[in-house]
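Working notes, structure below.
The values are calculated or read from the model by the stated rules, or taken from the named source; none is laboratory data. Everything numeric in this text was worked out from a predicted model, so none of it was measured. For neighbour counting, all protein chains shown are included, and Cβ atoms are generated from backbone atoms with ideal geometry for every residue, glycine included. With ligands, DNA and RNA removed, areas are computed over all heavy atoms of the protein, side chains included. Shrake-Rupley method; radii C 1.70, N 1.55, O 1.52, S 1.80 Å.
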Amino acid sequence: MNAKSGDTYMFAPDIETMGRDQLAQLQLAKLKKIVKHAYDNVPLYTERLDAAGIEPGDLKSLDDYAGFPFTVKEDLRATYPLGMFAVGRADVARFHASSGTTGKPTVVGYTREDLDVWADLMARCMACAGARPGDILHNAYGYGLFTGGLGFHDGAERLGMTVLPLSGGLTERQIMLLQDFGASIIGCTPSYALNIAEVGEKMGVDMRALPLEIGIHGAEPWSDELRAEIDRRLGIKAVDIYGLSEIIGPGVASECIEARDGLHAWEDCFLFESIDPDSGAVLPMGEAGELVITTLAKWAQPMLRYRTRDITRLVDGPCPCGRTHPRIMRITGRSDDMLIIRGVNMFPSQVESLLVGRPGIAPYYQLVVRREGTMDTLTVEVEAAPGVAAGDYAGIAKDVEHHIKGMIGVTCSAQVMAPGEVPRSEGKAVRVRDLRKKG
Ligand code: DLL
């Protein structure tokens with residue numbers, strides 16, 4: 001494998017280095033087809049476009065598209081389970097569903113052709129992240145309705161890798177398999193990577209000495225500080241990957257191993273926009289806003305201008321790897337996860353940036369939100385690093401409170417817990433416990 005040698009390796013070189021104008025032409029051609037397909041086959045789109053006075057044939061340039069209506073997660077819920085499908089049930093090769101904690105899941109589906117495109121995109125993402133044909137993928141993303149496990153599985157096979165299909169959990173056994181099979185690539189959420197590092201260390205395994213070289217982590221917000229912690233504890237290079245079920249699953253964008261500085265957003269298969277979450281206005285390249293994605297190559301369930309709720313920035317410009325696709329910068333969080341504490345807006349990932357790597361603290365935390373009267377209050381539960389004396393907890397708590405106030409502007413109280421007391425993650429970590437709804 002050549003992640004070490006530094007050679008750039010591409011799964012689809014013609015596409016990955018395509019000129020910007022050519023990419024835009026390709027996008028327009030695909031967009032015209034997908035808009036017509038959605039309009040002709042999904043009643044919700046027929047009604048929406050008719051109501052907006054838009055005919056698919058009106059679309060003459062990518063700029064015209066800014067006037068098209070948005071699609072939101074609620075549309076999928078309202079048409080549950082199959083109302084937004086554009087093909088007959090028998091043409092759906094597979095269903096997945098998005099992780100929702102309450103109520104009905106959001107169902108998504110793929111034709112055989114869609115699955116093919118998805119596998120290609122995932123192979124491209126993994127190659128971009130430094131994986132090579134012949135590498136072993138230790139796949140600890142959950143298999144099942146969640147798109148993580150099977151998305152990585154199909155992509156790895158497409159790239160020519162060897163897959164160990166594990167899912168999350170049974171962590172001690174995972175460490176044993178990492179030792180015995182010598183996987184060079186691991187796929188799992190960043191929070192589970194940290195859990196694996198901790199369990200391995202407790203078992204007395206020198207995790208840094210394993211053949212593992214690269215971690216491909218996503219499915220939840222994480223910070224550069226957590227990346228540095230994973231790099232250090234597992235002796236690997238941790239790379240960010242992004243996607244969401246409604247659009248295709250993982251495979252929408254990936255960092256390159258060369259720069260690890262923003263995720264190449266695959267413009268040949270998706271159209272990306274950043275909008276002002278309040279007004280819906282399209283923002284110029286580089287400005288932080290809500291990411292809006294249109295699927296250009298998904299036939300079972302096309303999505304037009306889908307509001308992801310993910311807050312990020314799109315950045316254009318050359319990347320050392322030579323890929324021309326713009327980059328999605330690290331996602332700060334979902335607008336739904338933004339907390340407003342005493343009038344200050346904040347995301348859990350900002351707290352993570354401050355906590356991870358601080359002396360005396362282990363990299364595990366949860367934010368607890370309560371309502372006192374009309375005011376929301378925040379308690380940050382952090383864990384003491386092993387070996388820290390209980391008598392030092394109060395001082396550490398004061399230090400954390402001080403830093404959060406100083407850097408984020410939020411007044412909170414910090415509670416230092418004993419080692420092991422903050423729950424560990426095997427998939428998507430629960431970062432916030434919202435106790436407001438319980439009164
Ligand atoms: O999490 C798909 C996925 C699987 C992505 C494996 C990467 C790796 P959902 O369960 O539908 O799909 O959740 C999608 O997770 O809208 C983001 O809020 C969040 N998310 C996904 N990747 C990242 C990332 C999968 N790299 C939702 N950074 C998205 C931050 C992420 N948030």
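For this structure, a couple of remarks:
- Distance between modelled label sites at L170 and M407, nm, 7 Å Cα→Cβ extension: 3.8
- Diffusion coefficient, µm² s⁻¹, Stokes-Einstein with Kirkwood Rh over alpha-carbon pairs of segment 186-291 at 25 °C and 0.890 mPa s: 159
- Fraction of antiparallel bridges per DSSP, the chain only, in percent to nearest 5: 65
- Taking label positions 7 Å along the Cα-Cβ direction at both V199 and D224, the computed distance is 3.1 nm, reported to one decimal.
- Note on K33 and R20: their simple-model spin labels are 2.6 nm apart, each label 7 Å out from Cα toward Cβ.
- Extension gain (nm, one decimal) between E372 and R358, 0.36 nm per residue minus Cα-Cα: 2.1 nm
- Dipole-positive endmost among W222, M407, G360 within the chain (Cβ charges, Cα centre): G360
- Nearest-20 debye value, segment 339-434 charge dipole, Cβ charges on Lys, Arg, Asp, Glu: 200
- Applying Stokes-Einstein at 20 °C and 1.002 mPa s to the Kirkwood radius of segment 339-434, computed over alpha-carbon pairs, gives a translational diffusion coefficient of 158 µm² s⁻¹.
- Placing R0 at 41 angstrom, the Cβ-Cβ distance between A209 and E113 gives a FRET efficiency of 0.40 after rounding to 0.05.
- Rounded accessible area per residue of segment 373-439, 1.4 Å, Å²: 55
- Rolling a 1.4 Å probe across all protein chains gives K60 an accessible area of roughly 140 Å².
- Probe 1.4 Å - accessible area at W222, Å² to nearest ten: 10
- Sequence of S353, S191 from largest to smallest accessible area, 1.4 Å probe: S353, S191
- Per-residue ellipticity at 222 nm computed for the chain from its helices equals -9000 deg cm²/dmol, with DSSP H segments shorter than 4 residues left out and the rest contributing -39,500 (n - 2.57).
- Segment 1-153 - Rg (one decimal) and Dmax (whole number), Cα, Å: 18.7, 56
- Degrees between helix 190-202 axis and first principal axis of the chain (Cα, 0 to 90, nearest 10): 30
- Taking each of K398/K437; K73/K428; K73/K237; K73/K104 in turn, the alpha-carbon distance tops 22 angstrom for K398/K437; K73/K237.
- Stretchable slack from D7 to K60, in nm (0.36 nm times residue separation minus alpha-carbon distance): 15.1 nm
- Taking 0.36 nm per residue of separation and subtracting the current Cα-Cα distance, fully stretching the chain between E421 and D261 would add 54.3 nm.
- Across all directions, the average projected area of the convex hull around the alpha carbons of the chain is 21.5 nm².
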